[in-house]
Amino acid sequence: MRLLQETSHRRRNPLTGEWILVSPHRAQRPWQGQTEQPARVTAPAYDPKCYLCPGNRRAGDAVNPQYTQTFVFDNDFPALMMDAGAETLDHAGLIVAEAEPGLCRVVCFSPRHNLTLARMDVADIARVVETWSDQYRTLAAVDGVNFVQIFENRGEMMGASNPHPHCQIWATRSVPNEIAKETAGQAEYWHKHGSPLLLDYLKLEKDARERIVFENEHFTVLVPFWAVWPFETMLLPHHHVGSIDELTSAEAQSLADSLRAITIRYDNLFATSFPYSMGFHQRPTDGTAHAEWQLHAHFYPPLLRSATVRKFMVGFELLGEPQRDITPEHAAERLRTLPSRHYLDGA
Ligand SMILES: [Zn+2]
Ligand SMILES: [Zn+2]
């Protein structure tokens, strides 16, 4: 279609109602196919200076146990305080604030300092999925927690200060902006069509097959039609699931397999340990059923052309709306055709 592949155009994100500007004419030159030297990481399996490694001292007096699988602890420098109270401020509806109580936890994926999701076994990643599921359920039950955000920042480019494989879980009283927008988008669709927005969208993608990167029995990874970041992907379950704790153990295995598959492809794309922010979006835990909600994960990687050339959100993107040159279809094709074995394994 000329509109999508040759003409400057806008694409709408039905989850949020926001638009993205796409400029395919600027990316028509053939791919240069850089052959970069893989940056072989020689990090040790244990780092005595790492505050996440087993047996090491963290801030204050806390000492990590000699954990052997996953390890969860309350963040020593939490962004949220559970005892923040309920104070509010409102001057003429213009200067408005409210207390935001909440909890911040850290989940170490593995005792091994030098692993990443792409370098872990499916069975070990499945244990991480199980931990996420337990944490979601536990935090959802805490009085005053209405949303649970599980997210991983990977790589220095994304501000991750420690390479030890870990993620964070923030549980908040309020439903954050992105979730509020996606709740509205999904609720509107649900009331109109009686089916989940993302499942109907997945059907269209499975017919078109232009933006799919990876599929297994229970999950699909695709570049959304409305993707903002050059190699952004979304991970979707094949049936209606509102939150991660509703997955069967077979589905949790499939999710682990999908996470491994996409992170390996990301590492292989520019032969680097690929940076990203990823996280799960799922139904708020505010006491309502939220039948409209479909569990999914977003991967937002900053890299554009190589291990060092990143996309910036500046100028028109910061002041107007996001813009991209390489089309989501082209990005999906690049990711789909990459080897499924990790580059360090000599694929
Ligand atoms: Zn470590
Ligand atoms: Zn989402």
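A short reminder: the numbers here are calculations on the coordinates, not readings from a lab. Computed from a predicted structure; not experimentally measured. Cβ coordinates were reconstructed from backbone atoms using ideal geometry, including for glycine residues, and neighbour counts include every protein chain displayed.
Any residue at all in segment 297-311 that's on the phi < 0 side of the Ramachandran plot, basic (Lys, Arg) and either assigned to a strand (DSSP E or B) or free of Cβ contacts under 8 Å to residues at least 12 places away in the same chain (or both)?
Yes; the residues of segment 297-311 include at least one that is on the phi < 0 side of the Ramachandran plot, basic (Lys, Arg) and either assigned to a strand (DSSP E or B) or free of Cβ contacts under 8 Å to residues at least 12 places away in the same chain (or both).
Report, by residue number, each residue of segment 301-327 that is out of contact with any strand residue (DSSP E or B) (no Cβ under 8 Å at 6 or more places or on another chain) and within 14 Å of Pro224 (Cα to Cα).
Answer for segment 301-327, where residues must be out of contact with any strand residue (DSSP E or B) (no Cβ under 8 Å at 6 or more places or on another chain) and within 14 Å of Pro224 (Cα to Cα): just Ile326.
Go through (1) more than 16 Å from ligand 1 (Cβ to nearest atom); (2) part of a helix (DSSP H, G or I) one by one and return the number of the condition Ala97 breaks.
So the condition that Ala97 fails would be (2).
Can you list residue pairs whose Cβ atoms sit under 6 Å apart, with the first residue in segment 67-92 being under 30 Å from Gly55 (Cα atoms) and the second being of a type in the set (D, E, K, R)? Count only pairs 6 or more apart in sequence or on different chains.
As it stands, the answer is Gln69/Arg127; Thr70/Arg127; Val72/Arg105; Asp74/Arg105; Asp76/Arg58, since those pairs meet every condition given.
Of all the residues that make up segment 77-132, how many are crowded, with 16+ Cβ neighbours inside 10 Å, in contact with a strand residue (DSSP E or B) (Cβ under 8 Å, 6 or more places away or on another chain) and β-branched (Val, Ile, Thr)?
Count: 5.
Is one or more of the residues making up segment 331-340 outside any helix (DSSP H, G or I), among the polar types (S, T, N, Q) and more than 19 Å from Gly185 (Cβ to Cβ)?
The initial filter retains those residues of segment 331-340 that are outside any helix (DSSP H, G or I), namely 337-340.
Going one step further and asking which of them are among the polar types (S, T, N, Q), we end up with 337, 340.
Filter once more, so that each one left must be more than 19 Å from Gly185 (Cβ to Cβ): 337, 340.
Yes; the residues of segment 331-340 include at least one that is outside any helix (DSSP H, G or I), among the polar types (S, T, N, Q) and more than 19 Å from Gly185 (Cβ to Cβ).
In segment 216-250, how many are without any contact (Cβ under 8 Å) to a residue 60 or more places away in the chain, surrounded by fewer than 22 Cβ atoms within 10 Å (Cβ to Cβ) and under 13 Å from His296 (Cα atoms)?
Counting residues in segment 216-250 that are without any contact (Cβ under 8 Å) to a residue 60 or more places away in the chain, surrounded by fewer than 22 Cβ atoms within 10 Å (Cβ to Cβ) and under 13 Å from His296 (Cα atoms) gives 7.
Are any residues in segment 174-189 away from ligand 2 (no atom under 11 Å from the Cβ), touching a residue at least 24 places away in the same chain (Cβ under 8 Å) and of a type in the set (Gly, Ala, Ser), and if so, which ones?
Ser174, Ala184, Ala187
Which condition from (1) within 13 Å of ligand 2 (Cβ to nearest atom); (2) in contact (Cβ under 8 Å) with a residue 40 or more places away in the chain is the one that Ala171 breaks?
The one condition Ala171 does not meet is (1).
Quick check on this structure: which one of Glu329, Glu292 is closer than 25 Å to Pro176 by Cβ and among the acidic types (Asp, Glu)?
Glu292
Residue by residue through segment 263-294, note down the ones that are surrounded by 23 or more Cβ atoms within 10 Å (Cβ to Cβ) and of a type in the set (A, V, I, L, M, F, W, C).
Within segment 263-294, Ile264, Phe274, Met278, Trp293 meet the criteria.
Out of segment 152-185, which residues are within 15 Å of ligand 1 (Cβ to nearest atom), among the basic types (Lys, Arg) and either assigned to a helix (DSSP H, G or I) or farther than 21 Å from Met234 by Cβ (or both)?
Passing the criteria: none in range.
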